[in-house]
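Undergrad: Quick one: the structure is below, and I'll ask about it shortly.
The values are calculated or read from the model by the stated rules, or taken from the named source; none is laboratory data. Just so we're clear, the structure is a prediction, and the values are computed from it rather than from any experiment. Cβ: placed from backbone, ideal geometry, glycine included. Neighbour counts: every protein chain shown. For the accessible areas, the whole protein counts, side chains as well, though only heavy atoms, and no ligand, DNA or RNA atoms are used. Shrake-Rupley method; radii C 1.70, N 1.55, O 1.52, S 1.80 Å.
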Amino acid sequence: MNGNASRTLLAAGLALLVGLSTAASYAADGSERHERGMKVMERLSGGAGQPVLDALRRDYPFLAEGVTAYALGDVWGRTQLDDRTRQMATVAAFAAQGNLPYLKIHAGYALRLGVTRDELKEIIYLTTVTAGFPRAIDAAQALREVPNPPTAR
(Lines give C-alpha, C1' and ligand atoms only; values in the text may rest on other atoms or scores of the structure.)
Protein backbone atom coordinates (compact mmCIF):
# COMPACT_ATOMS: atom_id res chain seq x y z
CA MET A 1 0.00 0.00 0.00
CA ASN A 2 1.45 3.38 -0.93
CA GLY A 3 1.63 6.40 1.42
CA ASN A 4 -1.47 8.13 0.02
CA ALA A 5 -3.59 5.00 0.36
CA SER A 6 -2.38 4.49 3.94
CA ARG A 7 -3.21 8.08 4.86
CA THR A 8 -6.64 7.78 3.24
CA LEU A 9 -7.37 4.55 5.09
CA LEU A 10 -6.17 6.03 8.38
CA ALA A 11 -8.30 9.15 7.85
CA ALA A 12 -11.36 7.02 7.07
CA GLY A 13 -10.79 4.92 10.19
CA LEU A 14 -10.41 8.00 12.37
CA ALA A 15 -13.55 9.55 10.88
CA LEU A 16 -15.47 6.37 11.64
CA LEU A 17 -14.20 6.28 15.22
CA VAL A 18 -14.98 9.95 15.77
CA GLY A 19 -18.44 9.45 14.25
CA LEU A 20 -19.17 6.44 16.44
CA SER A 21 -17.92 8.10 19.60
CA THR A 22 -19.86 11.26 18.82
CA ALA A 23 -23.03 9.27 18.19
CA ALA A 24 -22.48 7.22 21.36
CA SER A 25 -21.95 10.33 23.47
CA TYR A 26 -24.98 11.94 21.83
CA ALA A 27 -27.10 8.92 22.81
CA ALA A 28 -25.69 8.90 26.34
CA ASP A 29 -26.06 12.66 26.81
CA GLY A 30 -29.55 12.62 25.33
CA SER A 31 -31.20 10.31 27.88
CA GLU A 32 -33.59 13.04 29.11
CA ARG A 33 -34.30 13.97 25.51
CA HIS A 34 -34.70 10.28 24.64
CA GLU A 35 -37.21 9.76 27.44
CA ARG A 36 -39.14 12.86 26.39
CA GLY A 37 -39.17 11.54 22.81
CA MET A 38 -40.43 8.13 23.93
CA LYS A 39 -43.27 9.81 25.85
CA VAL A 40 -44.21 11.80 22.74
CA MET A 41 -44.29 8.60 20.65
CA GLU A 42 -46.44 6.92 23.29
CA ARG A 43 -48.87 9.86 23.19
CA LEU A 44 -49.04 10.07 19.40
CA SER A 45 -49.42 6.35 18.76
CA GLY A 46 -51.68 5.66 21.72
CA GLY A 47 -49.16 3.12 22.95
CA ALA A 48 -48.99 1.26 19.63
CA GLY A 49 -45.39 2.25 18.96
CA GLN A 50 -44.02 3.09 15.52
CA PRO A 51 -42.85 0.27 13.21
CA VAL A 52 -40.67 2.58 11.09
CA LEU A 53 -38.82 3.80 14.19
CA ASP A 54 -38.56 0.24 15.52
CA ALA A 55 -36.91 -0.86 12.27
CA LEU A 56 -34.50 2.09 12.46
CA ARG A 57 -33.54 1.05 16.00
CA ARG A 58 -32.54 -2.38 14.68
CA ASP A 59 -30.75 -1.31 11.52
CA TYR A 60 -29.65 2.31 12.14
CA PRO A 61 -29.59 2.86 15.91
CA PHE A 62 -27.87 6.27 15.70
CA LEU A 63 -30.47 7.55 13.24
CA ALA A 64 -33.25 6.19 15.45
CA GLU A 65 -31.74 7.97 18.44
CA GLY A 66 -31.65 11.22 16.46
CA VAL A 67 -35.32 10.82 15.61
CA THR A 68 -36.21 9.93 19.20
CA ALA A 69 -34.11 12.54 21.01
CA TYR A 70 -34.21 15.43 18.54
CA ALA A 71 -37.32 15.13 16.36
CA LEU A 72 -39.59 13.72 19.05
CA GLY A 73 -37.92 14.88 22.26
CA ASP A 74 -36.74 18.37 21.31
CA VAL A 75 -39.17 19.40 18.56
CA TRP A 76 -42.38 17.43 19.14
CA GLY A 77 -41.86 17.73 22.90
CA ARG A 78 -42.31 21.51 22.81
CA THR A 79 -45.51 22.85 24.33
CA GLN A 80 -46.18 25.92 22.15
CA LEU A 81 -48.52 23.83 19.96
CA ASP A 82 -50.77 21.02 21.09
CA ASP A 83 -50.34 17.60 19.48
CA ARG A 84 -53.50 17.99 17.40
CA THR A 85 -52.35 21.28 15.83
CA ARG A 86 -48.83 19.93 15.32
CA GLN A 87 -50.23 16.89 13.50
CA MET A 88 -52.33 19.03 11.17
CA ALA A 89 -49.29 21.16 10.31
CA THR A 90 -47.26 18.01 9.70
CA VAL A 91 -49.89 16.50 7.42
CA ALA A 92 -49.93 19.76 5.44
CA ALA A 93 -46.14 19.75 5.12
CA PHE A 94 -45.98 16.12 3.98
CA ALA A 95 -48.85 16.69 1.52
CA ALA A 96 -47.01 19.67 0.02
CA GLN A 97 -43.76 17.66 -0.19
CA GLY A 98 -45.52 14.68 -1.74
CA ASN A 99 -44.17 12.51 1.08
CA LEU A 100 -47.11 10.11 1.14
CA PRO A 101 -45.83 7.35 3.46
CA TYR A 102 -45.23 9.87 6.24
CA LEU A 103 -48.46 11.71 5.43
CA LYS A 104 -50.33 8.46 6.11
CA ILE A 105 -48.54 7.86 9.41
CA HIS A 106 -49.23 11.38 10.67
CA ALA A 107 -52.80 11.46 9.33
CA GLY A 108 -53.40 8.32 11.42
CA TYR A 109 -51.97 10.06 14.48
CA ALA A 110 -54.09 13.14 13.73
CA LEU A 111 -57.26 11.06 13.54
CA ARG A 112 -56.36 9.34 16.80
CA LEU A 113 -55.92 12.76 18.41
CA GLY A 114 -59.39 13.93 17.34
CA VAL A 115 -58.72 15.63 14.00
CA THR A 116 -61.66 14.84 11.72
CA ARG A 117 -61.44 13.48 8.19
CA ASP A 118 -63.16 16.67 7.03
CA GLU A 119 -60.37 18.74 8.61
CA LEU A 120 -57.75 16.59 6.91
CA LYS A 121 -59.61 16.97 3.61
CA GLU A 122 -59.46 20.77 4.03
CA ILE A 123 -55.72 20.53 4.57
CA ILE A 124 -55.42 18.47 1.39
CA TYR A 125 -57.56 21.01 -0.48
CA LEU A 126 -55.28 23.80 0.75
CA THR A 127 -52.38 21.89 -0.78
CA THR A 128 -53.73 22.83 -4.23
CA VAL A 129 -52.66 26.41 -3.50
CA THR A 130 -49.30 25.71 -1.87
CA ALA A 131 -48.08 22.73 -3.93
CA GLY A 132 -50.46 22.23 -6.85
CA PHE A 133 -53.23 19.88 -7.87
CA PRO A 134 -51.03 16.81 -8.55
CA ARG A 135 -49.68 16.83 -4.97
CA ALA A 136 -53.18 17.41 -3.57
CA ILE A 137 -54.63 14.56 -5.61
CA ASP A 138 -51.82 12.22 -4.49
CA ALA A 139 -52.38 13.28 -0.87
CA ALA A 140 -56.14 12.70 -1.22
CA GLN A 141 -55.52 9.18 -2.49
CA ALA A 142 -53.08 8.51 0.36
CA LEU A 143 -55.55 9.83 2.94
CA ARG A 144 -58.18 7.46 1.56
CA GLU A 145 -55.87 4.56 2.58
CA VAL A 146 -55.56 5.68 6.22
CA PRO A 147 -57.77 3.52 8.44
CA ASN A 148 -59.86 5.01 11.19
CA PRO A 149 -58.18 4.62 14.56
CA PRO A 150 -59.59 2.06 16.95
CA THR A 151 -62.17 3.50 19.29
CA ALA A 152 -61.28 3.86 22.95
CA ARG A 153 -62.85 1.31 25.26
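Undergrad: Can you tell me which residue in the stretch 98-122 is farthest from the chain's Cα centre (by Cα), limited to those that are of a type in the set (Val, Ile, Thr) and more than 15 Å from VAL52 (Cα to Cα)?
TA: First, pick out the residues of the stretch 98-122 that are of a type in the set (Val, Ile, Thr): 105, 115-116.
Keeping just the survivors that are more than 15 Å from VAL52 (Cα to Cα) gives 115-116.
Working: VAL115: 19, THR116: 21 Å.
It comes out as THR116.
Undergrad: Scanning for something closer than 16 Å to ASN148 by Cα and within 13 Å of the chain's Cα centre (by Cα), does the stretch 57-80 turn up at least one residue?
TA: no
Undergrad: If the Cβ limit is 7 Å and pairs must be 6+ apart or interchain, which residue in the stretch 98-123 that is open to solvent by 20 Å² or more (accessible area, probe 1.4 Å) pairs with which residue that is basic (Lys, Arg)?
TA: Within 7 Å, the pairs are GLY98/ARG135; LEU113/ARG84; GLY114/ARG84.
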